[in-house]
Structure formats: structure tokens, C-alpha cells
1. Using Cβ counts within 10 Å as a stand-in for footprinting exposure, how do Leu42, Leu47, Leu100 rank, fewest first?
2. Charges only on Cβ, +1 for Lys and Arg, -1 for Asp and Glu: so what's the dipole of segment 53-156 about the Cα centre, in debye to the nearest 20?
3. I need to check one value: relative contact order of the chain, counting alpha carbon pairs closer than 8 Å and at least 6 residues apart, in percent.
4. Residues of segment 1-36 with amide nitrogen under 18 Å from the 7 Å Cα-to-Cβ point of Ala156?
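Since every read-out is calculated from the coordinates, none of them should be taken as a lab result. As the structure is a prediction and not an experimental result, all values here were calculated from the model. So basically every Cβ, Gly included, is an ideal-geometry build from the backbone, and we count neighbours across all protein chains shown.
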Amino acid sequence: MTDASPARVVADADVLVADLLVGGLAREALDHVRRHSWLALLASDPLLEDTEAVVAELADPELAAAHHERLAAATERVEHPAGDHPALATAYRGGAAHLLSYDASLRSAQTGLSVQPHADLSVRPPDAFARLFDPASLHGLVEGDTYPGPDSDPRA
């Protein structure tokens, strides 16, 4: 099993699209990550490409390309084998402890059991992450000191 860090997070393409086009709980969950420089949002090229394709289909290609560029600059990049599920492979290969997804099949018990021997990964919808995220206790676990509060602008 790979060691997963609770300070490493992956958002599936559906969550990245919802963050951009809808806001709501997807944005709230990702803003938790963006507010803290000691947390890392991970992405792979296939994950960003999937996100761009959906945004292009639902909105427009220019917005999709700009969003892809912004995400590429704002995420820590992870490589994984072609053909793997982009979000799941990014989480596994990147040592993430959190995968945010609306995909019920990724959150199923069957998927959890198949992933468990290989990675300590929690797959949950953005609303659960937003509700359960506790930066003070996580900061103490990850950084080993007192939580200083948010240190980044999530809209930057």
C-alpha cells in the first residue's frame, strides 16, 4: 500500500467542472484546499483533458482552454499509465488521501475494497469533504504545529 498524505487532494473532472460552472459545494470543497498553501491539489494531463472536454461541451472552447491553463498552473502534476481512470490513478500515483467525485461508482464499496490494498484513499462527494474538513486538526497532523489560519486567497 502506498503512503497517502491527508494534505494531498484530487478532484475528479466532474468536480472541477462544477467548481467552474456551478460553484456551490464543489467550489466550497476546493476553496478549502486553495485557502491553504500546505495542501496540494493534484492533477494529471488526462484528468485536465477530460475536464477541458466537458467544459468545452457545456460552455465554450475558449473558457475550457483558459480553465485548463489555470488548473495546470495551480495543481501539482502526476503521471499515470494511459487507460487508467484519470482521477483514481492521479490519487493513487500522487499519494493523495482524498478524492472528490460525484461518480457513485468511485464511491462504491466495491471500488473501496479494490483500492484499499493499494492506497489509503477516501473517495467522497464534495459536500462531505466541505462538511468534514477540519483545517486546524489536519494542519497539526501534517505540519506538526498550531494552525495559523488560511494563508492563500482561493480566488487568486
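1. Fewest-to-most Cβ neighbours within 10 Å comes out as Leu42, Leu47, Leu100.
2. Computed about the Cα centre, the dipole is about 300 debye.
3. Averaging sequence separation for qualifying contacts and normalising by length gives 33 percent for the chain.
4. 30-36
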